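Enquirer: Handing you this structure, nothing more for now.
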Amino acid sequence: MKKFWALFFFFWPVVAIWSCWVAPARGWWFPTEAMSPLGERIDGLFYLILGIVTVVFIGTQFALGYVLWQSAVKGDDEKAEFSHGSHSLELIWTVVPSFVLVFIALYQMDVWAEFRVQSFYPNQTQEDGPRLELTARQFEWRVRYPEPGTELKNQPQPGDLYAVNEMHVATGRPVKFNLRTDDVQHAFFAPELRVKQDAVAGLIIPVWFEIPKAGDYDVVCAELCGWGHYKMRATIVAEPQRQVDEYLSNLQSEQNFDGVVTVDDEDE
Amino acid sequence: MATVSPAIESHSDDHAQGHDHHEIGFIQKYVFSTDHKVIGVQFLATTLIMLMAGGALALAVRWQLAFPWQTMPIVGKLFAGEGGQISPEFYTMLFTMHASVMIFLVIIPILAGAFGNFLIPLQIGADDMAFPVLNMLSYWFMWPAMFFFFASFVVGGVTAGPAAGWTSYPLLSALTAAAPGSGAAQTYWLLGLTFVGVSSMMGSINYMTTIINMRAPGMTLFRMPLTIWSMFITAILQAFALPVLTAAGFMLLADRTMGTCFFVPAGIIVNNAAPTVGGGQPLLWQHLFWFYSHPAVYIMLLPAMGMVSDMLSCMCRKPVFGYKPMVYSMSAIAGLGFIVWGHHMFTSGMNPALGMTFMTSTMMIALPSAIKTFNWIGTIWGGNVRFNSVMLNCSGFVAMFIVGGLSGIFMAAVPVDIYFHDTYFIVAHFHYVLFGSTLFGVFAAITFWFPKMFGRMMNDTVAKWHFVLSFIGFNGAFFPMHLLGIVGMPRRYADPYLHPYLEHLLPMNQFITCSAILMGFAQILLLGNFAYSIFFGKKCGRNPWGANGLEWSAPSPPGHGNFDVPPVCYRGPYEYSSPEAEALGQDFILQTEPPPDMKKTAETESAEATA
Amino acid sequence: MGIPIPNSKLGLWLFLGTEIMFFTAFIGAYIVLRIGSPGWPTDPKDTHILVLMGGINTFVLIVSSYFVVVAHEAMAKRDFSRARRYLTYTMGLAFVFLGIKSIEYYGKISHDILPSHIAETPTQAINKVDRELEQVVRQRFAVYTDAEAIDVAQPDDLATVSAQLDVFAKSEGGGDDAKSAIHDVALYRKWQNLHQHIVANVSLEKVPVATGPGYLAAREALSEGESLPALEYAEVKAELARLKSDTNYGGFVSAGVLDPHPVLYGNLFASIYFLMTGFHAIHVIVGMLLFARPLLQGNNLNEEWTDWVENSGLYWHFVDLVWIFLFPLLYIA
Ligand code: HEA
Ligand code: HEA
Ligand code: CUA
Ligand SMILES: [Cu+2]
């Protein structure tokens, strides 16, 4: 029975690792590979930590199983070793992990800086300024574009264009937008892009991402915002700049459409 | 206010003991008792019942995730809403109350309230707490807390409970219009929180005073069992972190009821209500909340760490590996615990430079945890392990803590946390540390100290079954949650399958739910074993485990005043298998056992100590 | 084993440690909110802070702290009557403190410097005047409906009440009531006019009645992109001053309507102010209860109470200390 218990503690980490091993093939892994350069670096960091942690996990779990096993095979009346510890061991397992941890801490600084510190944002975003404003509210995402050819202002302008739950952005260039909320706290979460940012009442938070490949990307809400939290859903439509412009001008004429069709309008 | 009166009366209760037995009635002895042992057992019983309640809520949460919008069996009919299905509002309330019950009414009071109360005086050789009446009050303040928590279920009808999560972020929790149902309920919830806070506060002051001032002669700081160290450090954390939450709670309460605007910015329109006036900051709440609640997660862990160290040492018949490093690392965890709160707010929009600081300090807090982990493994190493349920639960504790801790490393890395924040990865992480570590530690502690509480043993076979089923159910339920997190399934979602990229997760969630039900069943074994053994367990003597601590020199269960002879402590708590013990022909040596040359003078000395 | 301090005192010290954290949270929140706000009201005209009163209160508390020390010393020397005398002084000063505090509170309450009551922008101030004026009108009308001088089905509907009052005022035999009714109806009309301008946000002086024919005509005449002159804060202020100086109903208006006075971040200020001073006052009251215990012993005060007095004295010093932090933070900074 003793051996059974020792094996029990060997056995379950094996199952755990096996389940992680088969997970990607069954779709229990990232929804897609990262669809943005920054996301790729986040993934890289994730896999690095995964590697370190796997080594530590296997090491410690098997050490635990091993010390149990060692005792399980011992006779019942065999005496326990009388020892209060070991200075050198203590030193080793303080110093080694601390190097690993400091390494992880330093290694990730620049990814974080690029994601969140405005002065580290890609130059392009500084030049372009925010392309649109995304406002979360219970329970939808509202998008406000500046009138084509103008810059986005924090206050709504008469010429602004509006859309709900659908934001069109250009591919192949960093896009910055302003994130805010009309009511309670929400969070912008685009899983495929690995971007998440809370929208906090009273703050306007600039967020950026870059999508190389055209396509539709999910946006969900990741901060509890009330009963409808689970159903806040939007789509990022990434397409070449030309199509974005087209979309915007369509939106503009739709919005300016006053119900009266004249010959002039059709010419435009 | 008997509490402020100086209580030097320790060690001189012989005479009091005499007539107490005649005069104290049933109510005073078992209900409004000031005896730390009774209070400890009261806490234990209450929290075990709350564990069931919190677990039942969790199972309801799991039901919705496995079979969304389908009527729950048996209890489904009780709920409002069409066809007895769980409405989204109700789901929000379910996990809010699940977490609140588990954290505020189970884990914190079971560690500090139940075991802290029962063990502190016994392990340091005192006859009771420094302030017995305060101690009693700290238990009875749990009742208004429970009342308010449970009232918050009903004040607004069944489906309109507090709905802002256990973290209660404003504005969802600050504006009554933001979560329509939860008007009064959220206020009640805050009141409940305040009472839990007051209760913990009274406890922590009591524990600190007792540990500082009431140790038996010879019980120097470095002869204290690690349980006592952990309780002491926990009490310090409580005392200095909790007032901040209480203060924040008052501010939120005022925002809700008195029109203040600490957390409410101006011009917010929620649900077509009038725009708010003011200019407060919602993030302020998060800072204050986590300033308490991060230290609180260590409040929810350290006592278990201490107790597991005790038990491992006893079950391996071997001294704790690195006693002093254990003490220092616990202190380091506590110290660092005060400066890492920001890791819950990486994506909240706080100053990014702060993010870096918090990330570094969070990484550093893994270091003392690492030291402890390795020391536990070192303790088992070369020991003569007794494979009983206590040992199994302790090993489970270590194994699960590693998993929970290592997932913490992912989230401590800010860029990775950008992706993982508020996904099931977090849910997996904290269930591994809260259930996986703390509760397995508590299961071990219940079995280990049960004989001291009731003078009878728990059934080891049933306890082993309980362990195996809990362990399998637990890992089956929570390990896959890591994977859900990697897929990007956000937490607090009543119906994740609405989103195409999460659709395929339904079978996995059903598997998780089945495992959770298995785990739930296992807890019935625990309760059954506990209740049965109180009355029918095998009777036992003073020291059934052959352990060293002072508590094992007292009768089982100890009478009023705990020790028949005021104990004197002569050595450290973990001298298992020491040459001295060998000399006595056993593998343990009680802390009260005088060294051979002092044996003769022992009587006189203990007499002196009493004087 | 332990340290040479009695449990009660050790416990109290630890308790004070927790209290420090409690107030630290408030002070920290205050600093964060204040630094995080682009502005903060500091002018006593806005905040109705009375620095002198606060200063006197600081002095009062310090002196009372000294008296507790004397009282404890007397207890230790077993001079119980002296101890009682000084405890009484302390108690007296605590009452003085609370008295001064209530004067300050009264000053704020009477100017409606209360959380969520304060108008922060001119627009909010105008709306507030509107609301308060409506309240005055309702109160005036209630005089007649309550006394059943007139008989209305819907006493809440001001328009009907006013119409009936109009008839009543002109009817014979109404006596004094009828005479005052004329003025109240006049007040109602003034308020209605103001209200309509506020709702339509058009100038009070340049546009006759906001919903009247003149207004409609003016609006018709607008060309594209043009708008009627917007209502100005000063206009409303002037109109209110006119109402207040009216001999017939000016009294009611003055009593019921505060002069508009927008205070940016005033609500946040009031929230903080009442939170911190309020919790401090609660602590003062607890301290007074602690002193009341030995004082209630009367002549039976004996050495058993020495520790009690010492410990409550310790607590009192803490309460004093908190105030010494609050005073500069709230009154001066
Ligand atoms: C008992 C409770 C407990 C404990 C002990 C911990 C321990 C840790 N926690 Fe956890 N945590 C919670 C309870 C707990 N946590 C809860 C309840 C939440 C969620 C709250 C909510 O949002 O609702 C949370 C959330 C949480 C977050 C926020 C995630 C988010 O919301 O985005 C983070 C981020 O950094 C974090 C990190 C850590 C770290 C680094 C540790 C470390 O202390 C772990 C250290 C331990 C180890 C690392 C393992 C042993 C070490 C080794 C074997 C050595 C070798 C290791 C290496 C070299 C890597 N936790
Ligand atoms: C100590 C703390 C603790 C413990 C022990 C648990 C235990 C469990 N939790 Fe816990 N959980 C939290 C703390 C805890 N949880 C916290 C803090 C949150 C975050 C909340 C938030 O987001 O705000 C959370 C959130 C949370 C979620 C996420 C909800 C969401 O985000 O949408 C889920 C989902 O699966 C879950 C499941 C479970 C399960 C299955 C258990 C199981 O271990 C339970 C096992 C079952 C039992 C122990 C009960 C057995 C009893 C019976 C079968 C009899 C019942 C009958 C009677 C009434 C007598 N929990
Ligand atoms: Cu919006 Cu959650
Ligand atoms: Cu934390």
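Enquirer: If you stretched the chain out fully between B:F222 and B:Y497, how much longer would it get, using 0.36 nm times the residue separation minus the C-alpha to C-alpha distance?
Expert: 93.5 nm
Enquirer: Hey, another quick one. Can you tell me the 0 to 90 degree angle between the C-alpha axis of helix C:266-296 and the longest principal axis of chain C, rounded to 10?
Expert: Between helix and principal axis, roughly 40 degrees.
Enquirer: With just the Cα atoms defining each centre, how far is the range C:24-95 from the range B:260-303? Give it in Å.
Expert: 30 Å
Enquirer: Using the alpha-carbon atoms, what tilt in degrees (0 to 90, nearest 10) does helix A:37-72 show relative to the longest principal axis of chain A?
Expert: For A:37-72 against chain A, the angle is about 20 degrees.
Enquirer: Counting C-alpha atoms alone, how compact is the range A:118-268: give Rg to one decimal and Dmax as a whole number, in angstrom.
Expert: 15.8, 50
Enquirer: Could you please rank B:F430, B:F435, placing first whichever residue has the fewest other Cβ atoms within 10 Å of its Cβ?
Expert: B:F430, B:F435
Enquirer: Going by Cα centres, the range B:486-559 and the range B:352-431 are how many Å apart?
Expert: Taking the Cα centre of the range B:352-431 as reference, the centre of the range B:486-559 is 19 Å away.
Enquirer: If one computes the Cα centroid of the range C:182-255 and of the range A:6-30, what distance in Å separates the two points?
Expert: 76 Å
Enquirer: Give me the dipole magnitude in Debye, nearest 20, for the range A:129-257 about the Cα centre, with unit charges on the beta carbon: positive for Lys and Arg, negative for Asp and Glu.
Expert: 280 debye
Enquirer: What value, in deg cm²/dmol to 500, does the helix sum -39500 (n - 2.57) over DSSP H runs of n ≥ 4 give at 222 nm once divided by the residues of chain A?
Expert: Counting only the DSSP helices, I get -14000 deg cm²/dmol.
Enquirer: Please compute the average number of Cβ atoms from other chains found within 10 Å of each residue's Cβ in peptide B:267-279.
Expert: 5
Enquirer: Treat the count of other C-beta atoms within 10 Å as a stand-in for reagent exposure and order B:M356, B:M201 from fewest to most.
Expert: Ascending number of Cβ neighbours within 10 Å: B:M356, B:M201.
Enquirer: Report the net charge of residues surrounding A:R173, where surrounding means a beta-carbon distance below 11 angstrom and charges are Lys +1, Arg +1, Asp -1, Glu -1.
Expert: So the environment of A:R173 carries a net charge of -1.
Enquirer: Could the peptides B:310-316, A:45-51, B:238-244 be put in order, highest first, of the mean number of other beta-carbon atoms found within 10 Å of their residues?
Expert: B:310-316, B:238-244, A:45-51
Enquirer: Extension gain A:D77-A:K231, at 0.36 nm per residue separation less the Cα-Cα distance, in nm?
Expert: Once the chain is fully extended between A:D77 and A:K231, it gains 49.2 nm.
Enquirer: I want the local charge near B:I268. Using Cβ-Cβ distances under 10 Å, sum +1 for each Lys or Arg and -1 for each Asp or Glu among the other residues.
Expert: Every neighbour counted, the sum reads -2.
Enquirer: Still on this model: Test of understanding: what is the full-extension gain from C:A142 to C:L289, defined as 0.36 nm times their sequence separation minus their Cα-Cα distance?
Expert: 48.5 nm
Enquirer: Which of the helices in chain B, when you take each full DSSP H run, stretch at least 24 Å along the axis at their Cα atoms and have an average Kyte-Doolittle score of 1.6 or higher?
Expert: Helices meeting the criterion: B:389-412.
Enquirer: Is the range B:336-479 rounded, prolate or oblate when judged by the Cα gyration tensor, a ≥ b ≥ c being the square roots of its eigenvalues, rounded requiring a/c under 1.5 and prolate requiring a/b larger than b/c?
Expert: Prolate shape, in that a/c is at least 1.5 and a/b is the bigger ratio.
Enquirer: Right, here's the next one. Where Lys and Arg each count +1 and Asp and Glu each count -1, what net charge lies around A:G215 among other residues with Cβ under 11 Å from its Cβ?
Expert: In short, -3.
Enquirer: Continuing with the same structure: In terms of the Cα gyration tensor, with a ≥ b ≥ c the square roots of its eigenvalues, is the protein assembly as shown rounded because a/c is under 1.5, prolate because a/b exceeds b/c, or oblate?
Expert: It is oblate, given that a/c is not under 1.5 and a/b is not larger than b/c.
Enquirer: Provide the descending list of Cα extents for the range C:79-122 along its principal axes, expressed in whole angstroms.
Expert: Here the Cα extents, ordered largest to smallest, are 63, 13, 9 Å.
Enquirer: While we're here: Averaged across B:345-353, how many Cβ atoms of other chains sit within 10 Å of each residue's Cβ atom?
Expert: 6
Enquirer: Next up: Could you list A:H229, C:H261 in order of exposure, starting from the residue whose Cβ has the fewest other Cβ atoms within 10 Å?
Expert: The most exposed by this proxy come first: C:H261, A:H229.
Enquirer: Sticking with this one: Kindly provide the helix-only [θ] at 222 nm of chain C, computed as the sum of -39,500 (n - 2.57) over DSSP H runs of four or more divided by all residues, to the nearest 500 deg cm²/dmol?
Expert: It comes out at -24000 deg cm²/dmol, rounded to the nearest 500.
Enquirer: In Å, the Kirkwood hydrodynamic radius of chain A over pairs of distinct alpha carbons?
Expert: Taking the inverse mean of 1/r over all distinct Cα pairs, chain A comes out at 22.9 Å.
Enquirer: How crowded by other chains is A:94-106, given as the mean number of beta carbons from other chains within 10 Å of each beta carbon?
Expert: 5
Enquirer: How would you order B:50-59, B:130-139, B:528-537, C:212-221 from highest to lowest mean count of nearby Cβ atoms within 10 Å?
Expert: The packing order, highest mean first, is B:130-139, B:50-59, B:528-537, C:212-221.
Enquirer: Using only Cα atoms, find the angle between the long axis of helix C:80-110 and the longest principal axis of chain C, and express it within 0 to 90 degrees, rounded to the nearest 10.
Expert: 20 degrees
Enquirer: Let me ask something additional. Calculate how many DSSP beta bridges within the protein assembly as shown are antiparallel, expressed in % of all such bridges and rounded to the nearest 5.
Expert: Here the antiparallel bridges make up roughly 75 percent for the protein assembly as shown.
Enquirer: Shifting gears a bit: Give the share of C-alpha pairs in each 10 angstrom bin for chain B, from 0 to the last occupied bin, in whole percents, shortest bins first.
Expert: 3, 16, 27, 27, 16, 8, 3, 0, 0
Enquirer: Each label point is 7 Å from the Cα along the Cα-to-Cβ direction; what then is the distance between the points at C:R85 and A:V15, in nm?
Expert: 8.2 nm
Enquirer: Right, another one. Translational D (Stokes-Einstein, µm²/s) of chain C at 25 °C and 0.890 mPa s when Rh comes from the Kirkwood sum over C-alpha pairs?
Expert: 100 µm²/s
Enquirer: Compute the normalised compactness of the range C:1-110: alpha-carbon radius of gyration over 2.2 N^0.38 Å, N being the residue count.
Expert: Normalised Cα radius of gyration, the range C:1-110: 1.47.
Enquirer: Report the rotationally averaged projected area of the range B:143-204 based on its alpha-carbon convex hull, in square nanometres.
Expert: So the mean shadow area of the Cα hull is 4.0 nm².
Enquirer: Once amide H atoms are built 1.01 Å from N in the peptide plane, which residues 5 or more positions from B:T423, or in another chain, come under 5 Å H to H?
Expert: Amide H to amide H, under 5 Å and 5 or more residues apart or across chains, B:T423 pairs with B:R491.
Enquirer: With unit charges on the beta carbons (Lys and Arg positive, Asp and Glu negative) and the dipole taken about the Cα centre of chain C, which residue among C:G298, C:H197, C:S110 sits farthest to the positive side?
Expert: So the residue furthest toward the plus end is C:G298.
Enquirer: Using 23 Å as the Cα-Cα cut-off, could you pick out the over-long pairs in B:K318/B:K372; C:K101/C:K244; A:K153/A:K176?
Expert: Result: C:K101/C:K244 exceed 23 Å.
Just so you know, all these numbers are worked out from the coordinates, no wet-lab data involved. From a predicted model like this one, the values you see are computed outputs, not experimental measurements. When we count neighbours, we look across all protein chains shown, and the Cβ atoms used for this are built from the backbone with ideal geometry, even at glycine.
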